Amino acid sequence: MTDEKTIEVPDEMRAQVALTNMADLVKGNLLDKPYNWGRRNSIWPMMFGLACCAIEMIATAASRYDMARFGMEVMRPSPRQSDMLIVSGTVTKKMVPQIVRLYNQMPEPKYVVAMGACASGGGPFKEGYNVVAGIDKYIPVDVYISGCPPTPQALLNGFMKLQEKIDSQSINRERWYDKEDPIEALPVPVLGPDIMDPRDYAMITKQAKA
Amino acid sequence: MYGKGIFKGMWVTLKHFVATFTDDFRMIGRKYNKAEGIEYRMSKDVKGIFSIQYPEEKMPVPEEFRFIPFLLYDTNEDGTEQIRCTSCGICAKVCPPQCIWIEQTTNPDTGRPVPEPVEFFVDIDICMNCGYCAEYCPFDAIKMDHDYEMASFDRIDAHIFNKEKLLKPAEYYAEIRPLNWEREEIIRKEKAEKKKAAEAAKAARAAAKAEAAGAE
Amino acid sequence: MTEELVVTLSALETRFPDVVKKDERKGYEGFLVDTKNLVEVATVIRDELGYDYLSSVTGVDYLEEELLEVVYHFYRSTGGKSLVLSVQVPRKKAVVPSLYDLFISADFQEREAWDLYGIKFEGHPDLRRILMWEGFEGFPMRKDYQEAFFVEDQKPFANRWPEGKVFRSEDENQFGKNVQYPKGFDKPKKWDPEEEDLLYAGLQELGKKDSGDLATDHVVVNMGPQHPSTHGVFRMAVVLDGERIVALKPVMGYLHRNHEKIGERNTYLHNIPFTDRLDYLSSMVNNHGYVLAVEKLLGKKGAVPERAEYIRVIMSELTRVSNHLWAIGFLLNDLGAFFTPSLYAIEERELILDIFEATTGARMMNNYFRFGGVARDFPPGVLEKLNSIVFERLPRKVDELDVYLTDNEVVASRTKGVGVLSPEEAIAHGVGGPVLRASGVPYDVRRADPYSIYDRFDFDVAVRYHGDCYDRYIIRIDEIRQSLRILQQALKDIPEGPVLLKNPYNIRVPEGESYGRVEAPKGELGFYIVSDGTANPYRYHVRAPSFVNLTALEKMCVGQLVADAVVVLGSIDIVLGEVDR
């Protein structure tokens, strides 16, 4: 099939039209739409609160803002059953190993939402000796929500952003469907004289010699 | 009787459940998802529970609500934009987590500072939405925004706001905070008039001095 | 000096000539005691003078004098002003006798002083780091400690203005992270983490088997830091014999965000929004405690207009109501009544938050109090709504909550007789707030040492006498009712007038020390401030009620079933932002 045609779809029609051709069908692209529709409307967050933002997260789950309208009300205390990790608050060095471990235990596909200024980049406590300047130094983050703390509606806005991201993913492009190339678990940091990321060991040794 | 307390509790739950639906029925045909409908459902009279259908309907944002700061500019009659900020640095000093960076302009000819910033940065990953910058700004040049829908996929580029991104017209401010705007405008006008009067007096004095010098 | 203190001083001076001295430094109110006589003096204070409640223990680093100081605040559990004792030790050899045997409330606070200042408490049975981890390099609260993102000793930083070139601190660090390692540290791979070993060794010691022929073993269970019932990132290491708890150690510090270190870099004004984030469920009470401490030092300059005092009381009490609603809802959550009671509680809390949002600008992080008043008056329309809620809706809803939960057999059987704390134990452990009053000690700072204008209102101090989880639940309902009484009086009497006379941004505070305390929803919240006359506090310490209340957790849990530990923790009502600071 060398003469593949491309068909222009106007922007306003994209949500309604599923375009496919034989090649895509063989590769499985046709499944993307219904598959993602199912995924985006049943994201189970992990019941895991860190700090102030966790209170706003609970307020979002309560009746007035009601996360259930997004299919997210099933908060799972176990990482094995959850799809989304909401890092809701200041991440401290003492807490990082646990968070990385929890992230490793989540099954794929998994998403991380950094809620609030602290989780995104350290927030007002950034300068502190026990504070990590953003969780994205240790685990990959999909959506950043700014605010200190974000209001429940800002959090819902972040969830919609995440749904947008899920919509754009395709089964045959995402890394976690790739059997050939299994994903390694992230290295868990160690609490030494300061927090040590195993990926930095070479640098630490080098610094001592310099 | 054992179990009476449980039944009493269940009765309260049932009442809540029914009240939630009767509230909904009562709102049929009325503007439920408009500000006044939401206002009613948040008041003391409502017995049931209600949910905001975000994003179709949104909670009304009160005037004092604050999120991320922004800078104001006035549009002059000739269409030019006049930034209110004079880069005096008070906001940078009162900022508790020190998330504001200001670069002052110097006039290349005289080497003295010019009252307008070259650059103005706010790192919103550090900002704690406390509102001090707006509260202590003597020129009403920096204010707190109402826009909270700022989720993004990236922070490295998107979360440091520069002057360009921070600037918003004064009319926008008048729209989101009408009462504050009114109050501040009166004070600003008074100040401007005083300044004008002082300048006029100074000019008059200078003229009188010149005259006196001329008479000698 | 008050009359009470003069009597105390003369009593102490006759008993201990040359040992107890009046603190002669400018603005200090306490007494200096010789290190070696500390235990002796403390015994006399407790047994003869009646100061049976050790509220706060904290360190101060006087770098210039080469001294480390430990400051103790004592109270009588019957009410009255504080008695402040300090001991001074050289910085190089900082050893102080522990008061653990006299006052168990010193337990965690001495561990904290060891952790952050490196002051060794001789005789403390379990002196480990508490907020940081075992093996961390340095004592971070010492004045000469510099963190990885260090810019300057004090804010405002010079690199922000007038030549502010924006940068991210992590880009300046060679690791791209907030880390620094001691010089010559080159064996990261061989690092032996020792923190857990010490903890478990202590637990084994506590849970030693006494007898029995059958070969059984104890099980160590770690609950947390990620656990649905720990109210945040709190961890309990529990030793179990079957299902019964034989020993328990709280492990904390997972949310230690260096509030005090940052607080000492900040100016006085900068600290107000940071206090919001201590106990994030009751921000405005935190504001209140902090501004009281600073206003004490400011003296006449910190005078508060009448209307502002009323607004402060209204806001504090509203905060208390919303906090207790939350506490009740989530205690029921811990009992297994999953989310229905807390949903109803949150619904009412949202109404209060609406008022906060309209008045202060934020739902939770209010940043509303200023030195000498409050930031702004109620906007138009808010007072009417407040009236309608306080006079009509909340009393109705509290009654409903009462009907709904108090008689419930499941609640009663899960909480009655669980986690009992006797009044003597409660005082010795230094617990405060509802936990103390549920044990039958009618101690409320609003009555015992009135601040603001609380002496004008007619309200009762809620007390219950069993000291179990059920009483700790029901006392919160009592307190909501009392708060509503205060609110109704305050809303009727609130006068017209200004709310803030002057609002300078560069405030300077006279030299001296000051301790401002308020009755926070969780207990006594104290702010200890040492000023050296500049724009930044020299020492800024928070005596957090949740932190000290946790001292009694072990006492309440041992002998209970493991499922009850969850209920006991829920009934103490902790907030991790305040426990770890």
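No lab work stands behind these numbers, since they all come straight from the coordinates. What you see is a predicted model; the values in this text were computed from it and never measured. Don't worry about glycine lacking a Cβ; one is built from the backbone with ideal geometry, like all the others, and counts go over all protein chains shown.
For the protein assembly as shown, the mean residue ellipticity at 222 nm estimated from helices alone is -11500 deg cm²/dmol, where every DSSP H run of n ≥ 4 contributes -39500 (n - 2.57) and the total is divided by all residues, rounded to the nearest 500.
Rounded, prolate or oblate: which one fits chain A, using the alpha carbon gyration tensor with axes a ≥ b ≥ c (rounded when a/c is under 1.5, else prolate when a/b beats b/c, else oblate)? Present the calculation step by step, with values, prior to reporting the outcome.
Details: a/c = 2.31, a/b = 1.43, b/c = 1.61.
Verdict is oblate for chain A.
Report the gain in length on full extension from A:L186 to A:W37: 0.36 nm times residue separation, minus Cα-Cα distance, nm rounded to one decimal.
Details: separation 149, 0.36 × 149 = 53.64 nm, distance 2.89 nm.
Length difference between fully extended and current span is 50.8 nm.
What the Kirkwood sum gives for segment C:446-581 is a hydrodynamic radius of 18.2 Å, with every pair of different alpha carbons counted. Packing order of peptides C:556-567, C:416-427, B:49-60, highest average first: C:556-567, C:416-427, B:49-60 (average count of other Cβ atoms within 10 Å over each peptide's residues). Dipole orientation for chain C: of the candidates C:G570, C:P504, C:S56, C:P504 has the Cα lying most toward the positive pole (charges on Cβ; Lys, Arg +1; Asp, Glu -1). Which residue fluctuates most in the GNM of chain A (Cα springs below 10 Å): A:G121, A:G38, A:G134? Comparing A:G121, A:G38, A:G134 in a Gaussian network model of chain A, the most mobile one is A:G38. Considering only A:L85, C:F167, A:M75, the residue lying farthest towards the positive end of the dipole of the protein assembly as shown is A:M75, judged by Cα position with unit charges set on Cβ. D by Stokes-Einstein for segment C:3-122, Kirkwood Rh over Cα pairs, 4 °C, 1.567 mPa s: 89 µm²/s. With each label modelled as a point 7 angstrom along the Cα→C-beta vector, the B:A158-C:D153 pair spans 4.2 nm.
Translational diffusion coefficient of segment C:259-580 (Stokes-Einstein, Kirkwood radius from Cα pairs, 4 °C, 1.567 mPa s): 65 µm²/s. Where the centre of each part is set by its Cα atoms, how far does segment C:241-274 sit from segment C:424-489, in angstrom? Using only Cα atoms to place each centre, the spacing works out to 24 Å. If only the Cβ of Lys and Arg carry +1 and only the Cβ of Asp and Glu carry -1, the dipole of chain C around its Cα centre is close to 1360 debye.
Calculate the mean, over all residues of peptide A:97-104, of how many other protein chain Cβ atoms lie within 10 angstrom of the residue's Cβ.
On the way: counts 2, 6, 4, 0, 1, 2, 0, 0.
Average neighbour count from other chains, rounded to a whole number: 2.
By the gyration tensor of its Cα atoms, with a ≥ b ≥ c the square roots of the eigenvalues, what is the shape of the protein assembly as shown: rounded for a/c under 1.5, prolate for a/b over b/c, or oblate? In terms of gyration-tensor shape, rounded. Note that segment A:93-107 has calculated 3J(HN,Hα) couplings of 4, 5, 8, 4, x, 5, 5, 4, 5, 4, 4, 4, 7, 6, x Hz, one per residue in order, obtained from phi through the Karplus relation 6.51 cos²θ - 1.76 cosθ + 1.60 (θ = phi - 60°); glycine and proline are x. Working note: Karplus 6.51/-1.76/1.60 with θ = phi - 60° gives segment C:493-505 the couplings 8, 4, x, 7, x, x, 10, 7, 7, 9, 9, x, 8 Hz, where Gly and Pro are set to x. Distance between the modelled labels on C:E163 and B:T105, one decimal in nanometres: 1.9 nm (7 Å Cα→Cβ projection).
Projecting the Cα atoms of C:V19, C:H218, C:L269 onto the charge dipole of chain C (Cβ charges, centred on the Cα centre) puts C:L269 farthest toward the positive pole. At an R0 of 45 angstrom, the distance between the Cβ atoms of C:E196 and C:D493 translates into a FRET efficiency of 0.20. Assuming charge only on the beta carbon of Lys and Arg (+1) and of Asp and Glu (-1), the dipole of segment A:66-210 about its Cα centre is about 400 debye to the nearest 20.
Counting other Cβ atoms within 10 Å, which trypsin sites (Lys or Arg not before Pro) in segment C:486-570 have at most 14 and lie in a DSSP loop? Walk me through the intermediate numbers first.
Numbers: sites: C:K492, C:K502, C:R508, C:R517, C:K522, C:R539, C:R543, C:K555; in loops: C:K502, C:R508, C:K522.
Within segment C:486-570, the qualifying trypsin sites (Lys or Arg not before Pro) (loop, at most 14 other Cβ atoms within 10 Å) are C:K502, C:R508.
Applying the Karplus relation 6.51 cos²θ - 1.76 cosθ + 1.60 with θ = phi - 60° to segment C:54-62 yields 3J(HN,Hα) values of 8, 8, 9, 10, 8, x, 9, 9, 9 Hz, where x marks Gly and Pro. Segment B:31-65 and segment A:37-95 have Cα centres separated by 24 Å. Let me know the shape class of chain C, please: from the alpha-carbon gyration tensor, a ≥ b ≥ c as square roots of the eigenvalues, rounded when a/c is under 1.5, otherwise prolate if a/b is greater than b/c, or oblate. In terms of gyration-tensor shape, rounded.
May I ask you to list the chymotrypsin sites (Phe, Trp or Tyr not before Pro) in segment B:121-202 that are in a DSSP loop and have at most 10 other Cβ atoms within 10 Å of their Cβ? Could the numbers behind the result be given before it?
Numbers: sites: B:F121, B:Y132, B:Y136, B:F139, B:Y148, B:F153, B:F161, B:Y172, B:Y173, B:W181; in loops: B:F139, B:Y148, B:F153.
Of the chymotrypsin sites (Phe, Trp or Tyr not before Pro), not one in the loops of segment B:121-202 has a Cβ with at most 10 other Cβ atoms within 10 Å.
Magnitude of the Cβ-charge dipole of the protein assembly as shown, K/R +1 and D/E -1, about the Cα centre, nearest 20 debye?
Details: 125 positive and 153 negative charges, 117 e Å.
Once rounded to the nearest 20, the dipole reads 560 debye.
Scale the Cα Rg of segment C:297-371 by the rule-of-thumb value 2.2 N^0.38 Å and send over the ratio, two decimals. Present the calculation step by step, with values, prior to reporting the outcome.
On the way: Rg = 15.9 Å, N = 75, 2.2 N^0.38 = 11.3 Å.
Normalised Rg, Cα atoms only: 1.40.
For A:S78 and B:D78, the FRET efficiency from 1/(1 + (r/R0)^6), where r spans their Cβ atoms and R0 equals 45 Å, is about 0.10. The fraction of Cα-Cα pairs per 5 angstrom bin, counted from 0 for chain B, comes to 1, 5, 9, 12, 11, 11, 9, 8, 8, 6, 5, 4, 3, 2, 1, 1, 1, 0, 0, 0, 0, 0, 0 percent, rounded to whole percents. Inter-chain neighbour count for B:99-107: the average number of beta-carbon atoms from partner chains within 10 Å of each residue's beta-carbon is 4.
Show me the trypsin sites (Lys or Arg not before Pro) within segment C:159-204 that DSSP assigns to loop and that have at most 10 other Cβ atoms within 10 Å of their Cβ. Display every interim value, and only then the final one.
Numbers: sites: C:R160, C:K165, C:R168, C:K177, C:K183, C:K189, C:K190; in loops: C:K165, C:R168, C:K177, C:K183.
Counting only loop positions with at most 10 other Cβ atoms within 10 Å, the trypsin sites (Lys or Arg not before Pro) in segment C:159-204 are C:K165, C:K183.
Using the average count of surrounding beta-carbon atoms within 10 Å as a protection proxy, the listed peptides B:201-214, A:51-64 rank, highest first, as A:51-64, B:201-214. Counts of other chain beta carbons within 10 angstrom of each beta carbon in peptide C:172-185 average 6. For A:Y111, the residues whose amide H sits under 5 Å from its own are A:M84, A:L85, ignoring neighbours fewer than 5 places away on the same chain, with H placed 1.01 Å from N. Summary of packing: across the peptides C:10-16, C:28-34, C:45-51, the per-residue average of other C-beta atoms within 10 Å ranks them, highest first, as C:28-34, C:45-51, C:10-16.
Please work out how much length the chain gains when fully extended from C:R128 to C:Q146, using 0.36 nm per residue of separation minus the C-alpha to C-alpha distance, in nm with one decimal.
Working: separation 18, 0.36 × 18 = 6.48 nm, distance 2.22 nm.
This chain segment gains 4.3 nm when fully extended.
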